[in-house]
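Q: Below you'll find the structure I mean.
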């Protein structure tokens, strides 16, 4: 079944493309969620207009994400953690900790945007890579300090 993609979906198709998918996938998943529309003759005639509209929306979204990336780069989060006498941390700083701390700053961010390969278990300054879009990446500076007793 031919459909017109309205959103980018990894391993399925890009926005504005006409692709062929299984009928059940289109009927049960893509069209009810507004991710695609059927490639009827009427929709195919409007394909150019649909692609222009989507390109404009994409440009607006990219502009908003660039502003968000600048805000994220300007933030410096400080985490206080308990440390034993040998300098080893109890616990770690995870994606959830960072997402909750940045939400207190007024920025909503999904933990999948943080490109962390592991939880941070050492004291010091760390630059966490943040991927907001395939074209927009920034870094978030975090500091892990010893909790004073």
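Since every read-out is calculated from the coordinates, none of them should be taken as a lab result. Small disclaimer: the values here were computed from a predicted structure and weren't measured. Methodologically, a virtual Cβ is constructed for each residue, glycine included, from the backbone with ideal geometry; neighbour enumeration extends over all protein chains shown.
Q: Calculate for the chain the 222 nm mean residue ellipticity that helices alone would give, adding -39,500 (n - 2.57) per DSSP H run of length 4 or more and normalising by residue count, nearest 500 deg cm²/dmol.
A: The per-residue figure over the chain is -9500 deg cm²/dmol.
Q: Output the antiparallel fraction of DSSP beta bridges having both residues in region 68-146, as a percent to the nearest 5.
A: Approximately 65 percent, going by the DSSP bridge assignments.
Q: Rounded to whole Å and sorted largest first, what semi-axes of the equivalent ellipsoid does the C-alpha gyration tensor of the chain yield via the square root of 5 times each eigenvalue?
A: Working through the eigenvalues yields semi-axes of 44, 17, 10 Å.
Q: Sticking with this structure for a sec: In percent, how large is the relative contact order of region 68-146, given Cα pairs closer than 8 Å and 6 or more residues apart?
A: 40 percent
Q: Rounded, prolate or oblate: which fits region 2-45, taking a ≥ b ≥ c as square roots of the Cα gyration tensor eigenvalues, rounded meaning a/c under 1.5, else prolate when a/b beats b/c?
A: Since a/c reaches 1.5 but b/c is at least a/b, the shape of region 2-45 is classed as oblate.
Q: If I stretch the segment between residue 33 and residue 118 completely, what's the gain in nm (0.36 nm per residue apart, minus their alpha carbon distance), one decimal?
A: Extending this stretch completely gives an extra 27.3 nm.
Q: Working from Cα positions, state the angle (0 to 90°, nearest 10) between the long axis of helix 47-74 and the longest principal axis of the chain.
A: Roughly 10 degrees, rounded to the nearest 10.
Q: Provide 119, 86, 110 in ascending order of the number of other Cβ atoms located within 10 Å of each residue's Cβ, fewest first.
A: The order, fewest Cβ neighbours first, is 86, 110, 119.
Q: Roughly what % of DSSP beta bridges within the chain run antiparallel, to the nearest 5?
A: 75 percent
Q: Let me have the relative contact order for region 2-45, percent, based on Cα pairs under 8 Å that are six or more residues apart.
A: Relative contact order here is 42 percent.
Q: Pairing the Cα long axis of helix 95-104 with the longest principal axis of the chain, what angle in degrees results, from 0 to 90 and rounded to the nearest 10?
A: Roughly 90 degrees between the two axes.
Q: Now, a different point. Would you mind estimating how fast region 86-145 diffuses translationally, via Stokes-Einstein at 25 °C and 0.890 mPa s with the Kirkwood radius over Cα pairs, in µm²/s?
A: 200 µm²/s
Q: Can you sort 145, 85, 95 so the residue with the fewest Cβ neighbours within 10 Å comes first?
A: Ascending Cβ contact count within 10 Å gives the list 85, 145, 95.
Q: To continue, here is another question. Defining a contact as two alpha carbons under 8 Å apart and six or more residues distant in sequence, what relative contact order in percent does the chain show?
A: In percent, rounded to a whole number, it is 20.
Q: Between region 79-134 and region 37-65, what is the separation of their alpha carbon centroids in Å?
A: 37 Å
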